[in-house]
Amino acid sequence: QVQLVESGGGLVQPGGSLRLSCAGSGSIRSFYTMGWYRQAPGKARELVADITLGGSTSYADSMKGRFTISRDFAKNTMYLQMNSLKPEDTAVYYCNAIYLQYSYWGQGTQVTVSS
């Protein structure tokens, strides 16, 4: 059973930074794509960024230049570095991994951007 565990969320002031981590219970090399999604209260879950097995990355327009997705195979962990955070970035952030026809989700980590 694949498990993904997010960490690194918290309260940060506007303009601040956070780094989220998503640790896999096993090797993450088998996942075709891994990504970060977020869901704000009353809104649909949206894609933040993703990274393919080959290392290609993509970002939602509002995150380009501020967020960076990366992974460390040795640590079986994916990261999301978030800089220049804005109040509208407040949401629960989820990591996702795709393998064959299966989609796995973490439990989410809360990010709150507020002064």
What's the total number of residues in segment 46-68 that are free of Cβ contacts under 8 Å to residues at least 12 places away in the same chain, closer than 17 Å to Thr33 by Cβ and not in a strand (DSSP E or B)?
3
Between Ser27, Ser17, which is open to solvent by 40 Å² or more (accessible area, probe 1.4 Å) and over 20 Å from Thr112 (Cβ atoms)?
Ser27
Is it the case, given these coordinates, that Thr109 is over 15 Å from Ser25 (Cβ atoms), within 10 Å of the chain's Cα centre (by Cα), open to solvent by less than 40 Å² (accessible area, probe 1.4 Å) and of a type in the set (Val, Ile, Thr)?
yes
Going by the structure shown, is Lys43 open to solvent by 60 Å² or more (accessible area, probe 1.4 Å), free of Cβ contacts under 8 Å to residues at least 60 places away in the same chain, of a type outside the set (Gly, Ala, Ser) and more than 14 Å from Gly8 (Cβ to Cβ)?
yes
Select from segment 55-88 the residues that are among the small types (Gly, Ala, Ser) and open to solvent by 60 Å² or more (accessible area, probe 1.4 Å) and write down the one among them that is nearest to Ser25 (Cα to Cα).
Ala74
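The values are calculated or read from the model by the stated rules, or taken from the named source; none is laboratory data. Everything quoted here is computed from the prediction, not taken from an experiment. Cβ atoms come from the backbone with ideal geometry, glycine included; neighbour counts cover every protein chain shown. Protein only, heavy atoms only, side chains kept; ligands, DNA and RNA dropped before computing areas. Shrake-Rupley method; radii C 1.70, N 1.55, O 1.52, S 1.80 Å.
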